[in-house]
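Structure first, commentary second.
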Amino acid sequence: LRLGTMRRVLNTHFSPTRVEEPSFWRRLRHALSRTPVGGWDTVLFFDFCGLPQAPRSDEEHRIFGECLPHMGMLYSMFPTMILDQVTPGAHSYLDSGWCFCEFEVASLGKQLSKYSEEACKALSRSSNRDLMLDDTKRVEEYCSAVDVQLQEKHFRYPSDMQSVRSIIR
């Protein structure tokens, strides 16, 4: 479903001529070449597929634990494409604890406006947070508000809530 959504977004917004119908991969290359992250490098990372999912072997658990603390950096420093469609009968994108975390971090880092404006509109959310987190009190207020919201989110594994909390904090 997410690849289908990505294909639709790429077909709509990044067609080289909009007249010809190049392949999905050609459109992806074109989209990424128009907006390089640094020089010729581009980061394309599908979070769910890119990290070992539960149940994990001991080695996969070690890798997951090593990568997890860096996820906040990934979403806050690089333009992020939100693919908010979910399968029928599933809870909404922002009701998922992990998706909520990714959205919050990317929004705080002002990384949603390049690729995720449509998703933000569909979710009735701003693509960039203009929070003034310039003092400890405001940071604590924000973190407390996020903690309250996390209680309402869906996690496949309840222990994941603490992982999300550690990324946002």
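No value in this document is a laboratory result; all are computed from the given coordinates. Predicted model, so just to flag it, every value in this text is computed and none were measured. Virtual Cβ from ideal backbone geometry, glycine too; neighbours counted across all protein chains shown.
Quick rundown of the values:
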quantity	calculated
Enclosed volume per residue, in Å³, of the convex hull spanned by Cα atoms of region 55-131	106 Å³
Separation in nanometres of the label points that stand 7 Å from Cα toward Cβ, at A145 and D58	4.5 nm
Additional length obtainable on full extension of the chain from K137 to C49, 0.36 nm per residue less Cα span	28.0 nm
Total formal charge among the other residues, if their Cβ is under 12 angstrom from that of Q162, Lys/Arg +1 and Asp/Glu -1	0
